[in-house]
Structure formats: structure tokens, C-alpha cells
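Heads up, the thing below is written out as C-alpha cells.
The values are calculated or read from the model by the stated rules, or taken from the named source; none is laboratory data. Every value quoted in this text rests on a predicted model; they were computed, and no experiment measured them. As a convention, Cβ positions derive from the backbone with ideal geometry for all residues, glycine included, and neighbour counts pool all protein chains shown. Side chains included, ligands, DNA and RNA excluded: accessible areas come from the protein's heavy atoms. Shrake-Rupley method; radii C 1.70, N 1.55, O 1.52, S 1.80 Å.
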Amino acid sequence: MDYKKLDIFSPMILVVLVLVYLIFAYVGFSFNLKNLTGVGFNTVLVIFLGLVFYVLGVYIVKGLLKNREITIDKSKIKKLTSEKFIVMVVLLGIILQVVNLLYLGGIPLFSGYLKAKAATRIWLLSYLLFLPSINILLAKYPKKKYFLLFIVGLVLFTFTGYRTTVMAIVISIFICLYYTRDLKWTQLIISAAAIFALLLIVGYVAVKSIEWQTWTLNPLELLFYRAGYTLQVLDHAVALQGSTHGLLLYNTLTGFLKSTDPRVIVGSTTLGYAHSTTSMIFGPALLDFGAYAMIIQMLLLGIILGILYHLMKNTKDNLFVALYAMILAHTLIWIETGPTDLVVLLFFAIAIILCLYTTKITKKRG
């Protein structure tokens, strides 16, 4: 069977991976890892409600664009994505990350103290430049020498110790390759296994390097524990809906400039003490404004990913593959972390602006 017919990375992959995440969490509960206790039925109901509205958003787009014709402005795309320009942007992102590591004076992956300071403004700019440009470069100009830039960038961003950054880079590139290369089943499975192993190792090393924490769990146990722990935090968020009154959104938009981590607010609200904590993709909106906000958020995510997916499938320019891969990768990471990163919202803005600038949607004639 041709796996491409399944279209593994359609927007529906989010629903599948949320269910997988729940299975991981319940494995953690079953083995009572570090005294995990489980969650209530209301939390499961909230997750189901969020997924329903996400799927609804995807299908709204599918229905609205069914009888629409998409035209792209090739001249605009050519100016924005010329090979030399994109390579320069990739190199600039890499150089800035080297500067950031030199500024920090060490490798944050191996030090919790350095990791706490690693997300500088230099890091923000380097990541903003590197992730979109490396995806566009490998999607539009598939030359072997450019994979060296990908590996160099990946290693440098791995050194910062941020698991989610590494995840976004490798997952987005994997999605790009899935849509632009004729990968065999064996290549697909081996690549997925390698990515899983890499993320498991990076996450484990980063956690073990935090000097003020003591972990006795092995890498797999840590994976199941994180899922269970995060689901329990969401359970608290369900019970505390609307308690932060928009503070999480405000600090997501402005916290980077003020060195305020929205996830610390999640921790202090749900756990009662200051600790950087994730609450799944549903948690922040619930804490800020309640179930209605979470429903709107999931609906909008479905609409945005539905539009990007439709553009990717119905245009013949790999720019849209790169944009879709970048946004889908970060949305999948949000399954655990939740939308509390300014940089990711900026990626959404970049993708939307580029789509509006380079495409036109009209009714089909006849």
C-alpha cells in the first residue's frame, strides 16, 4: 500500500497524537511514576471538546475552499525565496546562534543555570531566521550540501538545551521531506525512529543537567511521567478556569521582553508555587478565559492549519510545504507545551502574511 495515500501529516495528525499522548499519560498513571494520581472525567471531556472544534475548523475550510480556485504570484515568490537570499538568511541564523552561545559562555544543554539564561534576544532572532529559511531552502532547493547547514544549525540549537526547539527543527524538516521526496516505507520508519530517539536523548540530558533537580527515572519512564504530569496540570486548569484573567496571553505576547515565563504563571496558578509547567494545548486558554476561549482557540487552529494544508496541496510551489511544515510542527509540540511562546506566534504571523501576499483565492468559473 502506498503510504502517501494516507497523508500522514494532514491536520488530523494532531488528533491522533493527542490520543497517543493520553495513552502515554495513562501508562505513567498505571505505574504510579513519582506518585502520579490520574485525572477526572471532566478533563477528558474538555480534551474531546477541544478536538471536536479543531476538526470542525479543518472541515469548515475544506467546505469553503471546495469550489475556489487558488492562484499564486510567482514573481513575488521568486523574489522572496531566491536561493542566494535564503542561504544568506540560514547562515545569518547560524552565526547569531554561535554568537549567543559565546555570549552565554558555555553549553546550556549541560547546565541548568546556563539554560535558564539561554533564551536571549539573540536566540529569538536566530531562531526566527533559521527555522523558516532552512525549511524553505530544503523544500525548494534540495541539494545535498544544504543538509550540512541543517545539521550544523540543529547541533547549535541542541546546545541551548531547549527540547522544543530541536523538536520543531527536526519535525518540520521531516514533514518537508515527506511532501517533497519519494520516501520509502523503510526510510520513513527509520527516520521517525531516529527522530524519536534524538528527542528522547536531548530531553533526558537536558533534565539530568538541571543541577537543582534529582531524577531517578530512565528516559522512557521520564517520557511517560511528563505526559502524566502535564495531563494532571491540565486537570487543575480545568478546575481553575478563568483564574488568570488573561495574564498568560499578556505575558506570552510581552513576557519575552520582560524575561517573564508564562509557564511559571501556569505552575504558580495550578500547583501553588513558582515552577515552569506545561498544561497541554488546552490549558492556557482555559486558565485565562475558560472553556469558550479554548474552543475558539482550537477552532482557529483548525482553520489556520486547514488553509495552509489546502494551499500546500493545491499549489505547485514548495514554499507552502515549508510554511505548513513549520506551523504543523509547532502545533504538534503545543500538544504538551501549550501556546505560550511569542516566537511561535511570530511564525504563525509570518506564514499568514506570506500566504496573503503571494496567493489569491477566487470562485471557480463555470
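Details
- Hits in region 242-291 (condition: of a type in the set (Lys, Arg) and either touching a residue at least 12 places away in the same chain (Cβ under 8 Å) or more than 22 Å from ALA118 (Cα to Cα) (or both)): ARG263
- Condition check for VAL344: open to solvent by less than 10 Å² (accessible area, probe 1.4 Å) and either under 30 Å from SER82 (Cα atoms) or in contact (Cβ under 8 Å) with a residue 12 or more places away in the chain (or both): yes
- Any chance GLY106 is modelled with pLDDT under 95, open to solvent by less than 60 Å² (accessible area, probe 1.4 Å), assigned to a helix (DSSP H, G or I) and more than 27 Å from LEU138 (Cα to Cα): no
- As a summary of the residue check, LEU96 satisfies the conditions (1) open to solvent by less than 20 Å² (accessible area, probe 1.4 Å); (2) part of a helix (DSSP H, G or I); (3) among the hydrophobic types (A, V, I, L, M, F, W, C) except for the one numbered (1).
- Filter result for the condition that a residue is assigned to a helix (DSSP H, G or I) and either over 28 Å from ASN314 (Cβ atoms) or among the acidic types (Asp, Glu) (or both), over ILE122, ILE136, ILE77: ILE122
- Members of region 210-252 that are open to solvent by 50 Å² or more (accessible area, probe 1.4 Å), within 27 Å of PHE347 (Cα to Cα) and assigned to a helix (DSSP H, G or I): ARG226, LEU247, LEU249, TYR250
- First in region 29-51 and touching a residue at least 12 places away in the same chain (Cβ under 8 Å), second anywhere and surrounded by 18 or more Cβ atoms within 10 Å (Cβ to Cβ) and not in a helix (DSSP H, G or I), Cβ under 8 Å, 6 or more apart: PHE29/LEU36; VAL46/PHE282; ILE47/MET280; ILE47/PHE282; GLY50/ILE281; GLY50/PHE282
- Some residue of region 304-315 being over 17 Å from VAL58 (Cβ atoms) and surrounded by fewer than 20 Cβ atoms within 10 Å (Cβ to Cβ): yes
- Checked against (1) buried (at least 16 other Cβ atoms within 10 Å of the Cβ); (2) out of contact with any Asp or Glu (no Cβ under 8 Å at 6 or more places or on another chain); (3) more than 30 Å from GLY106 (Cα to Cα); (4) of a type outside the set (S, T, N, Q), ALA192 passes all but condition (1).
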